[in-house]
């Protein structure tokens, strides 16, 4: 049986990876091979691309995020992402051939996106550096191809993706531009300065807003199609607070006494405020 083509490239030699279904692996012409795990994902993260033995979110963070998201707190964000993706591809009268969730975590947003669309011929991919996250995503959601890899050194061929989704994740904009087809689209979800502000006021003595500037950088070569804000309040009980804190980098940044002060609270009303930016690859740049 002839190997099945993919838009992936070998992380060792950069030649095209093929899916060899009967052997349950990915392979390139140079005979570099990568087995699929029993859950269905493939690990394309080379050891020299790691900064630690188990990079990315830990198992504890992944499980906390899964539990938090399952309660629907971020469902309005997910719903707006789905509407945005659907509206964009309808406006350009195209069906995406390939679509990547870059920094996919446990797969919450990509699963709901696939369920909301009618793009049966689209090949969906989810990529994250956390093996724990991808393993969980692959185990629970069979609709996509799941990959362990570094978002800054992705195993996708040049100009191979119709669309990229990034939700709260650090990405390299030049890498996204490299992967996108001409007229391909990047949909980026990023926090506004008042996102989770009530929580931050408890755990930080001084709140910095400079970190949000990163989401507005490196847009050269991309045309801004639209930017929409999604904002609403949620009421969190103590259990929800624990899960929210564990699933974010805030858990590792705050002083222990501030963390304890937050976790002693019975309930808190928190503002969720994010923007969804749609950025199209500029025509003629390839």
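The values are calculated or read from the model by the stated rules, or taken from the named source; none is laboratory data. Bear in mind the structure is a predicted one, so any value in this text is a computation, not a measurement. Note that each Cβ is placed from the backbone with ideal geometry, even for glycine, and that neighbours are counted across all protein chains shown.
For the reader, a short list of remarks on this structure follows.
- Segment 132-147 residues that are not assigned by TED's automatic domain parsing to the domain that holds residue 104 and surrounded by fewer than 22 Cβ atoms within 10 Å (Cβ to Cβ), paired with ones that are at pLDDT 95 or above and in a loop (DSSP other than H, G, I, E, B) (beta carbon under 8 Å, 6 or more apart): none
- Test result for residue 151, under 14 Å from the mean Cα position of the chain (by Cα), modelled with pLDDT under 95 and crowded, with 19+ Cβ neighbours inside 10 Å: yes
- Answer from 201, 220 - the residue that is in the same structural domain as residue 75 (by TED's automatic domain parsing), free of Cβ contacts under 8 Å to residues at least 40 places away in the same chain, farther than 19 Å from residue 100 by Cα and out of contact with any helix residue (DSSP H, G or I) (no Cβ under 6 Å at 6 or more places or on another chain): 220
- Count - residues of segment 84-116 that are more than 24 Å from residue 56 (Cα to Cα), in contact (Cβ under 8 Å) with a residue 12 or more places away in the chain and touching a strand residue (DSSP E or B) at 6+ places or on another chain (Cβ under 9 Å): 11
- Within segment 256-273, the set of residues being surrounded by fewer than 13 Cβ atoms within 10 Å (Cβ to Cβ) and in contact (Cβ under 8 Å) with a residue 40 or more places away in the chain comprises just one member, 269.
- Flag set for residue 241, criterion: crowded, with 20+ Cβ neighbours inside 10 Å and not in a strand (DSSP E or B).
- Of note, residue 135 does not satisfy the criterion of being modelled with pLDDT of 90 or more, outside any loop (DSSP other than H, G, I, E, B), farther than 18 Å from residue 57 by Cβ and touching a strand residue (DSSP E or B) at 6+ places or on another chain (Cβ under 9 Å).
- Single residue of segment 74-98 satisfying the filter (buried (at least 18 other Cβ atoms within 10 Å of the Cβ) and in contact with a helix residue (DSSP H, G or I) (Cβ under 7 Å, 6 or more places away or on another chain)) that is modelled with the lowest pLDDT: 96
- Test for residue 66: is it farther than 25 Å from residue 181 by Cα and surrounded by fewer than 17 Cβ atoms within 10 Å (Cβ to Cβ): no
- Conditions (1) within 16 Å of residue 169 (Cα to Cα); (2) touching a helix residue (DSSP H, G or I) at 6+ places or on another chain (Cβ under 8 Å); (3) part of a helix (DSSP H, G or I); number of the one not met by residue 57: (3)
- In the set (1) part of a loop (DSSP other than H, G, I, E, B); (2) at pLDDT 95 or above, residue 101 fails one condition alone, (1).
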